[in-house]
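Have a look at the structure below, then the notes.
The values are calculated or read from the model by the stated rules, or taken from the named source; none is laboratory data. What you see is a predicted model, and the numbers here were worked out from it, not measured in a lab. A quick note on method: Cβ atoms are made from the backbone with ideal geometry, for glycine too, and the neighbour counts reach across all protein chains shown.
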C-alpha cells in the first residue's frame, strides 16, 4: 500500500513539473491570485477642490447697508417688491444655488424670539455670532444656512445661503458676512448715522467659527 502511494505521489509531482515547464506563466494566471479587473479605477487620486479667483466689488443698497460680492454674480433687486425695504437675489449662470438677502420690518421681540417663531429658521439650530459688529444669529438648516440680525429701528436682515452643494456659494456667503456693514441713508448726516449705530444691542457674544469650516 505504501509503495502505491509513493508511486502515485511521484507521478503527480512529475506531472506538475512538466506542466510548469510547458505552460509557465499561463498556469500562474489561471491558478494564481486574481488582479483587479480595472486597477486604474482603484488607483484614482482623490478629487481636488476647485480653486476660485474672486474679483470682489461692493454693493451699496439704498436700504442702508453694503457688502462685497464677486463680479461674475448677478444681483436681482426685485424692483416689483413693494413690501420689503430690500430683496436681493444673488445668482450665477454657471452655478447651482443662490444667496437671498432681505431687509424688512421686524415682528419679533428679539433674535431668540425670531429663532423660535420664524418659519424659515425655527427648525434649525442657532449660534450667536456678530455681523457688522452687532449681535446676530447663525442658523444651520441642512444645505441651507441663514444669518439674522435686527437693527436699532426694528428692521430685520436675513442672509440666506442656498448652496445646493456648491462650495462656491459657501465662500461667497462667508465673504458677504465678513464685509457686511451699515451705511447712511440718502440725506442722513454722519453724526445722525453715528448716533443711530449707537442704538444697537452690541452686548458681548462669542465670535464663533462658521458652522461649516471652508478650507
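Do you know which residues across region 195-215 are surrounded by 11 or more Cβ atoms within 10 Å (Cβ to Cβ) and modelled with pLDDT of 60 or more?
195, 196, 197, 200
Would you list the strands (runs of 3 or more DSSP E) that sit entirely within region 46-103 and hold 2 or more residues that are under 25 Å from residue 155 (Cα atoms) and within 19 Å of the chain's Cα centre (by Cα)?
The strands (runs of 3 or more DSSP E) meeting that bar are 65-70, 86-92.
Would you point out which residue out of 21, 31, 54 is in contact with a strand residue (DSSP E or B) (Cβ under 7 Å, 6 or more places away or on another chain), surrounded by fewer than 16 Cβ atoms within 10 Å (Cβ to Cβ) and at pLDDT below 95?
54
Filter region 126-155 down to the residues that are in a strand (DSSP E or B) and either out of contact with any helix residue (DSSP H, G or I) (no Cβ under 9 Å at 6 or more places or on another chain) or free of Cβ contacts under 8 Å to residues at least 12 places away in the same chain (or both) and list them by number.
Selection gives 127, 130, 140, 141, 144, 146, 155.
For residue 143, which of the numbered conditions (1) over 14 Å from residue 180 (Cβ atoms); (2) under 16 Å from the mean Cα position of the chain (by Cα); (3) surrounded by 21 or more Cβ atoms within 10 Å (Cβ to Cβ) fails to hold?
Of the numbered conditions (1) over 14 Å from residue 180 (Cβ atoms); (2) under 16 Å from the mean Cα position of the chain (by Cα); (3) surrounded by 21 or more Cβ atoms within 10 Å (Cβ to Cβ), the odd one out for residue 143 is (3).
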